[in-house]
Structure formats: C-alpha cells, structure tokens
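The values are calculated or read from the model by the stated rules, or taken from the named source; none is laboratory data. Predicted, not measured: the structure shown is a model, and the values here were computed from it. A quick note on method: Cβ atoms are made from the backbone with ideal geometry, for glycine too, and the neighbour counts reach across all protein chains shown.
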C-alpha cells in the first residue's frame, strides 16, 4: 500500500481536507498522517500553505499519482443467481431495482462519477437483458459461454485480457453500494471488507497492522469478511492471471469462485482489506433479505410467478416464504415455496418451451387421469402458459433406476395407467416429432453426426415397421424417467410431469424409461419383464427396442436444438444417438423385424 499515494489522492480529491479528516478517511492516527504529510512535502509531492492551512498537489505529485490511475472496471453478471428465484427467472439479479434504481446501473453511475468510463460487463444468463446498457452508458459486453456449468473463476478467465497491464476494478453486478467508494486513483490491490458479528459462512480474512490480508478462510465468527468490490493493480494481475489460467485448465475447479485463487495463493498475492463501515455494501442473498431492505418487495415484486401464487392462494406476497430453487429440469424451471407452514412447487416453463410442448394437451392429460389419483396434487394449471402449482410432498423420494423393487413398483403404476381405459384426443406421433426437431436443427444449419443420413434412414425403416403393426394405443406417459416417480412416506407412488403424455403403444413407456435411465440391453430386457410380468413376445421385443432407438434419435435431436438456446446436457446427446444405432442393430441381429426389410439394411 503506497501511503504517499493515499495522501496525494486525498488532497487531489479534496484540496480543503485537513489532517484530521485524512486520518478519518484513511483509518490512520493523526500522528501517522502528520508523518506522511511531512514526508510528501519533503519529497516535493505536495505544498503546505501555512497561511490558510491547506495543502496543494504539485506537478510532481500529479505525476506520481499517474501510476495509480484506474483504467477501467469489469462487472461480473454471468451467473444464474439460483438463490434469487423466482425473480431471477425473469431478470438477472444485477438488473433488479433497489429503491427504484437497478443495482448494476447504480454501480456504473458511481464509476462514471469517479471518472471511470471504460466499463465491461461479463454476461451469460439472459445476456440480452443487458444490451440496453451499451447505448445508455457506452459500456461493453463480454460473453462467457460456460456460465451455466461453471462458476466465477471461469468468468474472470474469459475477461483476463482486460486486466493485463491495467489497474482495474472487479465488481459483482448485484452489489448495492450506498456511498460511492470508487476513485480515479487506487494505491494498492484490495478487497472490500465488512465486519460480521457472530457466525458467518462468508470468506473471513485476517490482516496485519498495515492492512495486508494474511489469511482467508470460508466461514468463521466475529470477523472481517470479503464483501463487495475489489481492485486489482497491474502488478497484482501480472501474477494473479497466471494462477487464474492454471486453475481454469485444471480439472475439478469448475465450481470455484475467483476468490479461491486469492485464498490458495495468499502468500504470493499482496492485497489489502478495504474495511467499509456498516451498511455501506450489500449483497442480497435471497428475496427475504431484499424484502427487509426495500419494503416495496414485500408485496409488489412485479414478478409473474409471485403475483400468480398470491392470486391462487389469496394472500399477500409477503406471506410467501422460504423460496428455494429446485434442480432445473430439462424443459422447465421450478421453485419451492411456503405458505402458512405448507410447502408447494411452482413450475415455470423454460424459454422457447411454447414451441415444443402443447400445454393445453398436458392439461387434458391431467384432467383425464385425475380419477386414478396417481399424479401430484395440482393446485393450479394454466393450459396456455404452462404455469403449474402443486403440493410438495415432505419426505418423498425419487425412484432409484438401479433398484429392482423400485422399478417393479413403477412398472406396476404404468400398467395401471395403461389398463385404465382412459384416453385423450391427441397422440404422440414419433414420425412427426422427429421431423419437427430435425427441421428445427436444419433451419439453424446445425451440423449433425457424420453418419446421420444412414442413421436417419434406419429410423425411417423402424417407423414404417412399427406403423405397419397397427398396435392398439392407450394413454401413455412418454416421459417416465425415474425422477418423475415419487415414493411418498405413506408408501404410495406418484407419477408427475405429464408434458408429453398422449395416446401411444404402451410399450413406449418401457423403452423411454430404459433410455432415460441409461440402461444397457440386459437392464432393458429385465425392465420389460417387470412390466409384462413375463417374457416378451418377439413382436413386443421388437417394439421395445424400436421405441428405444426412435426415442434415442428423437431426444438426441431435441438436445441438439436445445444447445442452440445455450442449454447443454453433458453426454446426453451422444448417449441418445448411441441408443438409436445400438437398438437398430440389436433388432437386425436378432432377426426381429416383423416385415420384410424392403431393401433396408
């Protein structure tokens, strides 16, 4: 920490400042300030006008300050902000308003007030929401393509070139800063710190008499913590960025915060605690904290989901508590909430879902199966938007795809559904669905697999063979993944999420359950026997394998299309494509085609 630089900066910002005011501002004793001021005078950095007790920065002082000039700022705004659902489903957290002002805009204005105009926002989730800031404040946007699966270390990695050879602020877009704490000049690398009384899960720091941070630990008690903005000098970044790059390339660091690098290299990275007064910096962890700070959010969040819940249950928004993000589904977003000590789940359709799922048909299925009492208890369902509110079952668990007893119970439930005689007006048309998703991919000029044309020809062959069989249709779930089966504490079983349910050959549910569970061929055969309670006939084996192949092909196309929207599902695409090839070959090798192959291999 260059203390002469701090004295020069104080005088630059306020020529009328007194030594006592300097001490208060810099957290130093009056004696220390007096020695530093005299040192600056000796070095020719400032002049003392004895007649009116003021100090003046000399040309040498101005030149001295130039090494500390701040070159710009980077604001991190790429994350999903899952702890801030449901508000973050509609708006990135940094764009939420606090007392009528968006948090990120407040920081941008404070930076510009301090003379910092070179500002870059690193975006990811809902990146298009930040576009308006380009024209409004002349900021730049930088995209982090890995925002959905990695943490802030990766965000800083993508912005690393902005820090090379430069003095830069590193900020979180979702901080609210009461008084402007930014400066035209910064004299050392620092991290903003706040004092936390009692136990805390924040990153606790210790520092020496000069303020240099000597240790960092996650969690502690009655401690100063890393809280809010940071400043990285060019000399600091020279070393820091090499550690960032090494960590990014090292497996196992995907969920690291960038601050982990500070903790891991504390002896090699010199930075200081910038201790802030109470109520200066705020990091809102969830809606409950924001409600306490800004009363507007108690009953008027302007959030569609909370407004809907308020209407459905006839309560004020303030009665909705303990909101938690649930694991995001492959199609929807869901969150848990509490009203009057009872928990519920609200499902919100994901972006673009309206093109892929007919919510009116889903509503028809829920109505059709209601007499069987085998679905979740629905409190509200909108057949146009797909918004759904249902009871949450305390103590329930998902089925275990590797547990034979669990799967036997799941297959029994499917038999009950298939044998109920219930029906709906719509069918699940594999040929139409494959063509639909294929069209979406081709319209986007997606390059598919090398042998795609050959596999597509084989799928056409399977479609023709299954259609010629003319098997009877019944109401089928189509999406019986193990996670959609819930075992309740009373021993009963529920089947949830009927988005794809329609009329079809019931054996499709066996096939879909198999490939969703990543079963091998032997496990698929055992699942078929659990469902049928006997060995399948050759025709049934053909159908189960054919639907597994066609299902794999269909969901592979679905995943390829979803990747266009920035959603990735790991190895799911490859596994599904493999099933298309694998089960076609199994049918062929076992001689199970029910009709002549008509020249198809």
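May I ask you to list the residues in the stretch 10-66 that are part of a strand (DSSP E or B), surrounded by 18 or more Cβ atoms within 10 Å (Cβ to Cβ) and either within 50 Å of the chain's Cα centre (by Cα) or at pLDDT below 85 (or both)? Walk me through how you get there before you give the answer.
Narrowing the stretch 10-66 to residues part of a strand (DSSP E or B): 46-49, 54-57.
From what's left, surrounded by 18 or more Cβ atoms within 10 Å (Cβ to Cβ): 46, 55, 57.
Residue satisfying the conditions is 57 alone.
Which condition from (1) more than 29 Å from residue 539 (Cα to Cα); (2) buried (at least 16 other Cβ atoms within 10 Å of the Cβ) is the one that residue 489 breaks?
(2)
So which of 270, 292, 278 is part of a helix (DSSP H, G or I), farther than 23 Å from residue 146 by Cβ and either at pLDDT 95 or above or outside the structural domain of residue 27 (by TED's automatic domain parsing) (or both)? Step through it out loud before you land on a result.
Working: 270 fails: part of a helix (DSSP H, G or I); 278 fails: part of a helix (DSSP H, G or I).
It is 292.
When you go through (1) in a helix (DSSP H, G or I); (2) modelled with pLDDT under 95 one by one for residue 447, which number turns out not to apply?
(1)
Which strands (runs of 3 or more DSSP E) sit wholly inside the stretch 68-146 and have at least 1 residues that are out of contact with any strand residue (DSSP E or B) (no Cβ under 7 Å at 6 or more places or on another chain)? Spell out how you get there, then give the answer.
On the way: elements: 72-77, 119-123, 140-143.
Answer list for the stretch 68-146: none.
Which numbered condition trips up residue 184, out of (1) in contact with a strand residue (DSSP E or B) (Cβ under 9 Å, 6 or more places away or on another chain); (2) surrounded by fewer than 16 Cβ atoms within 10 Å (Cβ to Cβ); (3) over 26 Å from residue 67 (Cα atoms)?
Looking at each condition in turn, residue 184 falls short on (3).
Of the residues 360, 318, which is at pLDDT 90 or above, surrounded by fewer than 16 Cβ atoms within 10 Å (Cβ to Cβ) and closer than 20 Å to residue 499 by Cβ? Full working, then the answer.
Details: 318 fails: closer than 20 Å to residue 499 by Cβ.
Just a single option satisfies the conditions, and that option is 360.
Please find, among 528, 559, 580, 546, the residue that is outside any strand (DSSP E or B) and modelled with pLDDT under 95.
Values: 528 fails: modelled with pLDDT under 95; 580 fails: modelled with pLDDT under 95; 546 fails: modelled with pLDDT under 95.
Result of the check over 528, 559, 580, 546: 559.
Would you mind telling me which numbered condition in (1) at pLDDT 95 or above; (2) farther than 23 Å from residue 362 by Cα residue 510 fails?
(2)
Looking only at the stretch 147-164, count how many residues are assigned to a loop (DSSP other than H, G, I, E, B) and modelled with pLDDT of 95 or more.
If we filter the stretch 147-164 for residues that are assigned to a loop (DSSP other than H, G, I, E, B), which is where we start, we get 147-151, 159, 163-164.
Now drop any that are not modelled with pLDDT of 95 or more, which leaves 159, 163-164.
Residues flagged as assigned to a loop (DSSP other than H, G, I, E, B) and modelled with pLDDT of 95 or more within the stretch 147-164 amount to 3.
Give just the number: which of (1) out of contact with any helix residue (DSSP H, G or I) (no Cβ under 7 Å at 6 or more places or on another chain); (2) under 28 Å from residue 354 (Cα atoms) does residue 514 not satisfy?
Residue 514 satisfies all of (1) out of contact with any helix residue (DSSP H, G or I) (no Cβ under 7 Å at 6 or more places or on another chain); (2) under 28 Å from residue 354 (Cα atoms) except (1).
Can you confirm whether residue 247 is surrounded by 14 or more Cβ atoms within 10 Å (Cβ to Cβ) and under 19 Å from the mean Cα position of the chain (by Cα)?
On the way: surrounded by 14 or more Cβ atoms within 10 Å (Cβ to Cβ): yes; under 19 Å from the mean Cα position of the chain (by Cα): no.
Here the answer is no, as residue 247 does not meet what is asked.
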